[in-house]
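A short worksheet on the structure shown next.
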Amino acid sequence: MNVVLDQMKLDDVDAMAAFGRELAAVVQAGDIILLGGDLGAGKTTLARAIIHALAPRNGAFEVPSPTFTLVQAYDTTRIPVMHADLYRVTGRDEAAELGLEETGAAGLLLVEWPERARELFHGNVLEIELEESFAGEGRTAKLTPHGRWRELLPRVEALRTFLERSGWSGSERHFLQGDASSRRYERLRWAANGTAHPPAVLMDMPPKPDGPPVRDGLPYSRIAHLAEDVRPFVAIDKFLRAQGLSGPAIYAADIEHGFLVLEDLGDAVFAEMARAGADMAEPVAEAVEVLLKLAEVEPPHTLPIADEAWYALPHYDLRAREIEVELLLDWYWPAEIGSPAPDEARHGFLQEWRRLWPLVEAGPAGLMLRDYHSPNLMWLPQRQGIERVGIIDFQDAMIGHLAYDLVSLLQDARVDMPPDLEPRLLDHYLARRQASATAFDVEGFRAAYAVFGAQRAVKILGIFTRLSKRDNKHGYLRHMPRMRRHLERNLRHEKLTGLRQWFAQHLPGAMTDTGD
């Protein structure tokens, strides 16, 4: 497939199918793809490729032309799809009766012969005009983007160029479910055996523009030290692998655009294993061993990226900690109470945290992976020792107190672990640290563990509420009772009495698992 300005040359049916998979990997609810061209130009062929690629495991169910039904719906695809053919429609009024404007908002709308009612379609629209070439099977596709496609289409083309240059253009690309971030993932697979390339994962992480300033002229991401491009991921991944840990190998990289081809660590995600009822004692215990390994390593302050480029690891400083706990006041409080948090309550809340911060500032500092929990850990039983724990999603790592990752692991936000697992593995970690470190302060570590347990619970209650209220991602709300239980348990620590009293006065519901 060769890109010529706003045109693509599709040499054969395989190229058409590959283009359909490429589009299916990036479409989202609310997108509209208009397929124009004469009879036999390949409109249904392209629509069929997109729908098949959106189906689970690239399903091979029949996708008939909707010439006679006018509209064909698919609800087992990654997002709902409405496939319409307006060839027999006489005008806008008749097309409007099909309800395409309403149904398209919830999923992807694919429209053949869109010129019959072009004025109905607006917003995030990609127009594709297919023309038969003089060479036989080939087609030329003219692409006209609107809405978000104006920015997305050049990125799709840049990604295609990256895959071609790195030798991965022959792979089949399939959408891979990601997380709550702006990153996007695909699985790269080779249809033919004997290829030199193993299965891989494509990570698409476009550089983030700064958001609106929220404090001191800085956006939230800068204050919270969130990764804004792939450079931190590359640097930290190299460091982890140098320690004998199972970060994914990087097979190819375009750091400028934010494209990485990574080793595929499989499907045995801790969170999915736990939900399926697997015995998590051994995987979680081995994940604790990873943290013990990292505790032995002198905390790095700068890490190499490539050539002479270096990445400076930020510190988990006061501003980062406080803007995270304030997510509770900014999002959870209004959702729970129905009005913004008053200044007096906000002041008292921050005062209580400021009494606690010295407990996490004085303890052992090291590499804090920050998102070390079940969705980002993979079980690799074919490997040995701590290499059995695959680690992903660590680009936001910082230098900070080592209790943070341990509590993130043992007080998981998304799955319930056996009730005896946390105290047993916490005691194991402390015993090992006490045996290997001079003057290791066990009680000080326990206090920091409770502070970070409460801090993470508060932050996540705010984040999950924000995902629901702002981003319409309501599925995270099912985890709220678990986070309230974590918060209540951490607030029992004697050092957190003042904060517990603040919650009892202002947000008692945040310490219980009722209300959902």
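The values are calculated or read from the model by the stated rules, or taken from the named source; none is laboratory data. All values reported here derive from a predicted model rather than from experimental measurement. Reconstructed Cβ throughout: ideal geometry from the backbone, glycine too, with neighbour counts over all protein chains shown. These area figures cover heavy atoms from the full protein model, side chains too; ligands, DNA and RNA do not enter into them. Shrake-Rupley method; radii C 1.70, N 1.55, O 1.52, S 1.80 Å.
A few notes on this one:
- Qualifying residue in segment 273-285 (condition: touching a strand residue (DSSP E or B) at 6+ places or on another chain (Cβ under 8 Å), open to solvent by less than 30 Å² (accessible area, probe 1.4 Å), under 20 Å from VAL415 (Cβ atoms) and in contact (Cβ under 8 Å) with a residue 60 or more places away in the chain): yes
- Qualifying positions in segment 384-410 - part of a loop (DSSP other than H, G, I, E, B) and open to solvent by less than 10 Å² (accessible area, probe 1.4 Å): PHE394, GLN395, ALA397
- Extreme residue, nearest to the chain's Cα centre (by Cα), among residues of segment 411-428 that are surrounded by 22 or more Cβ atoms within 10 Å (Cβ to Cβ) and not polar (S, T, N, Q): ALA413
- Contact map, segment 450-476: residues that are closer than 20 Å to ARG370 by Cα and modelled with pLDDT under 95 paired with residues that are open to solvent by 10 Å² or more (accessible area, probe 1.4 Å) and charged (D, E, K, R), Cβ distance under 7 Å, separation 6+ or inter-chain. Pairs shown: LEU467/LYS473.
- Boolean, ALA268 is over 16 Å from the mean Cα position of the chain (by Cα), within 21 Å of ARG414 (Cβ to Cβ) and at pLDDT 90 or above: yes
- Failed criterion for GLY348 (all others in (1) open to solvent by less than 50 Å² (accessible area, probe 1.4 Å); (2) closer than 29 Å to GLY258 by Cβ hold): (2)
- If only residues of segment 6-56 that are basic (Lys, Arg) and closer than 21 Å to LEU152 by Cα are counted, the one that is least open to solvent (accessible area, probe 1.4 Å) is ARG21.
- Among the residues making up segment 287-328, those that are assigned to a helix (DSSP H, G or I) and open to solvent by 30 Å² or more (accessible area, probe 1.4 Å) are GLU289, LYS293, LEU318, ARG319.
- PRO381 vs. criteria touching a Pro at 6+ places or on another chain (Cβ under 6 Å) and open to solvent by 20 Å² or more (accessible area, probe 1.4 Å): no
- Residue satisfying condition, being small (Gly, Ala, Ser) and farther than 23 Å from ALA320 by Cβ, within set ALA435, ALA447, ALA345: ALA435
- Exactly one residue out of TYR332, TYR316 is of a type in the set (Ser, Thr, Tyr), in contact with a Leu (Cβ under 6 Å, 6 or more places away or on another chain) and in contact (Cβ under 8 Å) with a residue 60 or more places away in the chain: that is TYR332.
- Scanning segment 4-25 for residues that are charged (D, E, K, R) and touching a strand residue (DSSP E or B) at 6+ places or on another chain (Cβ under 7 Å) turns up ASP6, LYS9, ARG21, GLU22.
- Among (1) surrounded by fewer than 20 Cβ atoms within 10 Å (Cβ to Cβ); (2) in a loop (DSSP other than H, G, I, E, B); (3) touching a helix residue (DSSP H, G or I) at 6+ places or on another chain (Cβ under 6 Å), the one test that TYR372 misses: (1)
- Strands (runs of 3 or more DSSP E) (entirely within segment 145-221) containing at least 2 residues that are surrounded by 15 or more Cβ atoms within 10 Å (Cβ to Cβ) and at pLDDT below 85: 172-176
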